[in-house]
1. Apply the Karplus curve 6.51 cos²θ - 1.76 cosθ + 1.60, θ = phi - 60°, to the phi angles in segment 368-377 and return the couplings in whole Hz, x for Gly and Pro.
2. Run the 1.4 Å probe and let me know the accessible area of residue 159, rounded to the nearest 10 Å².
3. Taking loop as defined by DSSP and a crowding limit of 16 other beta carbons within 10 Å, which GluC sites (Glu not before Pro) in segment 602-640 fit?
4. What helices in the chain pass both tests, a Cα length along the helix axis of 15 Å or more and a mean Kyte hydropathy of 1.0 or higher, using whole DSSP H runs?
5. Enumerate the residues in segment 226-243 having an amide nitrogen under 15 Å from the point lying 7 Å beyond the Cα of residue 278 toward its Cβ.
6. Please give me the summed charge of the neighbours of residue 472: other residues whose Cβ is under 12 Å from its Cβ, Lys and Arg +1, Asp and Glu -1.
7. Between residue 309 and residues 5 or more places away or on another chain, which pairs have amide H atoms under 5 Å apart, with H built 1.01 Å from N, and which residues are they?
8. When a/c is below 1.5 the answer is rounded, else prolate if a/b is larger than b/c, else oblate, so apply that to segment 327-417 with a ≥ b ≥ c taken from the square roots of the Cα gyration tensor eigenvalues.
Amino acid sequence: MNKKYLTFILVFMLAIANVTLLYSQDADSFQKKADKAYASYNYKDASEMYAQLAQNKVFKVRNLTRLANCYVKLNNTQTAEKIYEQLTLLTQNSADILKPYAMVLKSNAKYLQAKQVFIDYIVASKDTASVIIDLIGCDSAITWMAKPTSHKIVNQNAVNTNLSNFGLFANNKKAYFVTEAKPTSKKDQYKRTGNSFLRIYKADVADNFSINNPKLDSAIYNKEKYHIGPLVTNKAGDKFFVTTNYEGKKGKKIKENKLKFRNNNLELYIYTLNAGKYTSQPFAYNNVKLYSVGQAALSNDEQTLYFTSDMPGGFGGTDIWFSNLTSEGKWDKPQNAGNAVNTIANEMFPTITADTLFFASNGHIGMGGLDIFKATGNKTNWINVSNLKYPINSSGDDFGLSIYNIAADTTNGYFSSNRFAGYGSDDIFAFTFIKEKPPVFAVKGKILKKPTTVSLPGTTVSLYENGVKIVDNVKTNPDGSYLFDLKPEVDYALIAKKQKFQSDSVLLSTKGLKKSQIFTVDLSLDSLFEIGKIINLPNIYYDFDKDNIRLDAANVLDGLVQTMLDNPTLKIELRSHTDSRAKDNYNLALSQRRAASAVNYIVERGISAKRIKAKGYGEKLLVNKCKNNIECTDEQHQANRRTDFKILKF
């Protein structure tokens, strides 16, 4: 949000900047006039005077510092950046300058430079706590901008001007938002900006959710003297919860820089429309002498009113609070929404949809200024607080998100931002969020007779989940084809088996896959009719210098178990082989232990020990040239480390 309102409406530290001076001090110099304007929050006039004063050496650092801060308040962070850069040279990187300089760099999306200046500040000040959230936010912003969310945003240029427009709420094809305009007289001028006080405008919501035909709202709640808005309504559209400035003279008195001010805080008023007439009542917990209340939001059942306030009992500057509607139709004592949402900084602009709270904050990890966050829960119980990331958020102030339409696959709504790409100061944006559908996975293929491309219909194909659980069995179609649906984030094994054929298997996984995918896996089965035939058992691996059967090897051996169950006259020699990279005798013994472990695994699953013989060959039957003292690649050695079996009888 425009910094000129951050103190005024959002932070609530001073709700009216054209303060009433209870007494004045003669301005006997241009310096005093500038200081007086600055102390009065009249940043527009103060900036013009400090710009002239900064040319003199007297109080140069002080005047430049205040000039930079004026530009920050006026949302001219690019000019402020140049001044802070100059100040770092004049003050030899004073910590008092480094911190606001880093914040301005972050607001200008210069994240790498901002990160370094934050680090320089920590070194100079030994203060990590006050900037650690902003420092982390620099890295987060870079990551989020590299991977935008699926939000599509559109500037609503039919209602945006070169001034501020924000806080849009839509209901029943009508939109209400806050805007400022050029003042028609000094009486209407908000001295901080030189523009008019805020007023509520109405507009139409088109079928494509664009906002059109803006007009000044003529309702009675829009007739107040100072700032008015934002506004929300109930679903029926006959109750209006309006944020306004207190107009009277009972505001809290403040002394600052030898000046006295009256703090005109914010109030919340509830207007009811009945038979064309409005009645109004103040929110029972307004207290303009102590704090501000505003920016209301109603829960879906309209039984809970959320709002922003700096009332005592909060965690920081402004917090999200709520009040429940009693059976008598009154709002009960406000409660703080809790420290999962609220921080030592500022939280504001709540919106509630079902069990999701949207709010703006500069106290959680963000991209710069205010960011929009969401949390799940209700009232004082909130979890999963998360940043909506880019492009909803930017390096500027992003706030006032409201939801207008929720469909099966999309959500439509609005938010406000003073990002550089905007049309004016604060702009209203529409967004469409296309819900990401979970990825869909499947595996298909054919079962073939090895070594040909002849299909094997009627073959049983089993799908194992996480190595142990059979989730499905199918018989292949007349063309030998099969198909399985798969789930995300699961390891699978496929085993194909048919009587008089050696089973074949493969491992596959959907873990870590973000996009939908159909795996194509063809398996080939060896005929078992040939005595003396040697059939390889793929994917049987052992840990280094171990002979125990691993889970991945067990899947393959389970296929061999099934083959022997399907072919009860089959007798085999199960053979284990090593590469040549250890001593011959050692390799021979290791291969025998591994062959024996595999045989024991098969026997334990019901196969007679008389039908299977364990034989370790060590490095005697290498399949390539990689003998002792021959240099080979790891892949060549891997080819020699294998398990197979030889058909002895069928």
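The values are calculated or read from the model by the stated rules, or taken from the named source; none is laboratory data. Note that the coordinates shown come from a computational prediction; the quantities given were computed from them, not determined experimentally. Neighbour counts run over all protein chains shown; Cβ positions are idealised from the backbone, glycine included. These accessible areas exclude ligands, DNA and RNA; they are computed on the full protein's heavy atoms, side chains included. Shrake-Rupley method; radii C 1.70, N 1.55, O 1.52, S 1.80 Å.
1. x, x, 7, 10, 9, 10, 9, 9, 10, x
2. 10 Å²
3. Listed in order of number, the matching sites are 604, 631.
4. Counting only whole DSSP H runs, the qualifying helices are 132-146.
5. Once the point is set 7 Å along Cα→Cβ of residue 278, 226-234, 237-243 turn out to lie under 15 Å by backbone N, inside segment 226-243.
6. Here the count lands on +1.
7. 319, 321
8. Oblate, because a/c is 1.5 or more while a/b does not exceed b/c.
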